[in-house]
Amino acid sequence: MRGSSDASVLNARPRRSAMVEKPRGLLPAFLPARPTGAVTLREPAREIPVLADVDVAVLGGGPAGVCAAAAAARMGASVVLVERYGFFGGTATAANVNIWHSLYGMDHKTPVIGGLAEEIVRRLQHDKAIYNQDPDGETGGWVVHTEAAKLVMDDLVMASGTKAMLHTWLAHAVLEGSRVTAAIVESKSGRGAIRARMFIDCTGDADLVRRVGLAVQTGNPQGVCQPPTLCFRVGGMKDGAKPLHEVQAELFKTPMDYNGQRYPCFLWGAMGVLDKHEVMIAGTRVTDVNVAVTDDLTRAEVEARYQMRWVLEQMRTMPGWEDVYLIDIGTQIGCRESHRIWADHQLTREELLSGQVFEDAIAQSCYPIDIHHGNEPGITFEHLDGTRRIVSGDRKTRMERWDGVPSGGPPRSTLCWTVPYRSLIPKGLDNVLVAGRCIGTNHDSAGATRVMINAMQFGHAAGVAAAMARASGDSRGVDVSKMRKTLTGHGMPLLDPSPGSPVPS
Ligand SMILES: Cc1cc2nc3c(=O)[nH]c(=O)nc-3n(C[C@H](O)[C@H](O)[C@H](O)COP(=O)(O)OP(=O)(O)OC[C@H]3O[C@@H](n4cnc5c(N)ncnc54)[C@H](O)[C@@H]3O)c2cc1C
């Protein structure tokens, strides 16, 4: 690819002649139209080995999958964890997304999240590989050293007794009636089957549920997904360099010139955990793609890397940033949204923003609805305190209320929202649970549930439920109040249900 081996991409002070050469005309030709699926062939049937026969099979080893596997294994279940990369952590490690939100509620005083999510934070603290954005305490968001996170995830999985299968893809699944009986996986060893009583889909994109042919929701009601973002790390800022937030503001003023198109620049980042001369930059966004579609994903990866080169060029014009160099690029572009399951309960925006505490609540959080617009610039946040913050493409911010209270009126006092166990149960399947960003929500509520500390909680709960259901193989037969007590025993500070909250049937 032209220019791809040019050292100026990596190193500071590029020679003018060696600046990014934009591949005009390359992408459209390289990008075939979305396949219609009209042409098919029949794959011959064949015998494949059964690689494992376990109580619980967890597919996908991201924040949700690691917690699901560890929770189930700690409860005595035999567990297999299948992950396509060579390490765990998903978006937190593979996509360089290194900010995790607060463990506290809206009052910044009450812990609302504990359990395995907190345990992972504490392990990283022990390794001095995480810091809190609250300079005087720990009620803010956390910034994580992504490589250290890989090690902590290894420890969590291996010490639990889970059998890990890395570099292994979930390719297909066998459905008999309303039960999945085997996950079919592919790896360098070839194709094989994993039999289990319970399956937990933690692929982020509902791969297992889609492979057995169930319908899913995709993106917003028009099918447009939140844009993916490639995150990369740079180093080499000088002491006294222009602060990151000022660099962000400067860059927002200039439309990103990419491939003949001019996008408003999008950029946020976090200073390094171990070295303040390093920064993670989430400074790209590719619109109108669904990264669970291979052609879209390919376009997004390549396009985002060209955007990144533009961002690097611009950064090097800032005082103190002249010598900035590229450290690394996420193994994959980060996905905010693709597919979601249809669940026994589809968590709505209204339930979330009103802070309803469900009778079968298994997770809680105060992260706002955070929606990056899929096919236009800007982000809309809806907070539990009643405010809506709209950040436009030129980074201007408009504040309003979503609850009808006049602007400047008293804030709502909601501490956090909750997620019912039923939102982890895909309709039509008896022995499958889903954890992570693809649980049963809608486009709006997913804007809040999708973040990693939440994915860890859903994983923890799904692991506990799957372990409890391993004899019956029936996710709906789990004693919900016993499960909530178990989670509380694991350090999850679950609130008492709201009066009148619907009792799960
Ligand atoms: C740019 C960006 C910024 C974000 N900012 C934040 C933030 O500040 N804080 C925050 O907490 N969250 C943030 N998020 C959201 C968050 O990172 C994800 O929504 C979250 O990681 C979802 O967790 P998950 O476990 O469901 O999925 P993932 O993290 O995607 O994990 C899924 C795992 O499954 C594996 N997998 C997938 N398919 C298969 C398969 N077929 N076979 C085998 N393995 C498979 C993947 O390799 C991966 O390890 C951000 C996301 C993006 C893209």
task = Can you tell me the 0 to 90 degree angle between the C-alpha axis of helix 115-126 and the longest principal axis of the chain, rounded to 10?
result = 40
ask   = Pairing the Cα long axis of helix 294-315 with the longest principal axis of the chain, what angle in degrees results, from 0 to 90 and rounded to the nearest 10?
value = 40
key: Value at 222 nm in deg cm²/dmol, rounded to 500, when DSSP H runs of n ≥ 4 in the chain each add -39,500 (n - 2.57)   = -7000 deg cm²/dmol
note = Cα-based Rg/(2.2 N^0.38 Å) for the chain, rounded to two decimals, is 0.97
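Output the Kirkwood hydrodynamic radius of the range 227-329, Cα pairs only, in Å rounded to one decimal. Walk me through the numbers before you get to the answer.
Numbers: mean 1/r = 0.0717 Å⁻¹.
The Cα-based Kirkwood calculation yields 14.0 Å.
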q = 0.17, 0.21, 0.22 Å⁻¹, the range 436-490: log10 I(q)/I(0) [Debye, one scatterer per Cα] = -0.61, -0.83, -0.88
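Can you give me the convex hull volume of the Cα atoms of the range 104-209, divided per residue and expressed in Å³?
On the way: hull volume 16.2 nm³, N = 106.
Convex hull of Cα atoms, per residue: 153 Å³.
Rank-order 216-226, 460-470 by packing density, defined as the average count of other C-beta atoms within 10 Å over each peptide's residues, highest first. Walk me through the numbers on the way to the answer.
On the way: 216-226: 17.6, 460-470: 28.7.
The peptides rank, most packed first, as 460-470, 216-226.
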ask   = So which of Lys163/Lys188; Lys150/Lys396; Lys109/Lys485; Lys150/Lys276 end up more than 26 Å apart, counting from Cα to Cα?
value = Lys150/Lys396
message = Please arrange Trp321, Trp417 by how many other C-beta atoms lie within 10 Å of their C-beta, fewest to most.
response = Trp321, Trp417
ask   = Can you pull the three principal axis extents for the Cα set of the range 162-255, in Å, largest first?
value = 62, 37, 21
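Based on the alpha-carbon gyration tensor of the range 367-413 and its eigenvalue square roots a ≥ b ≥ c, which shape applies: rounded if a/c is under 1.5, prolate if not and a/b is larger than b/c, or oblate?
Details: a/c = 3.00, a/b = 1.83, b/c = 1.63.
Prolate, because a/c is 1.5 or more and a/b exceeds b/c.
Starting from 0.36 nm per residue, how many nanometres of slack lie between Glu176 and Asp295 once their C-alpha separation is accounted for? Write down the numbers at each step before the final one.
Values: separation 119, 0.36 × 119 = 42.84 nm, distance 3.12 nm.
That works out to 39.7 nm of additional length.
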Ranked by how many other beta carbons lie within 10 Å on average, peptides 475-488, 391-404, 331-344 from highest = 331-344, 475-488, 391-404
key: With Cα atoms, 0 to 90° folded angle of helix 480-489 axis to the chain main axis   = 60
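What order, most packed first, do the peptides 432-439, 408-415, 157-164, 173-180 have when packing is the mean number of other Cβ atoms within 10 Å of each residue? Let's see the in-between values first.
Numbers: 432-439: 31.4, 408-415: 13.2, 157-164: 18.5, 173-180: 15.8.
Ranked from most to least packed, the peptides come out as 432-439, 157-164, 173-180, 408-415.
No lab work stands behind these numbers, since they all come straight from the coordinates. Predicted, not measured: the structure shown is a model, and the values here were computed from it. Because the Cβ atoms are built from the backbone with ideal geometry, glycine has one as well, and the counts that use them run over all protein chains shown.
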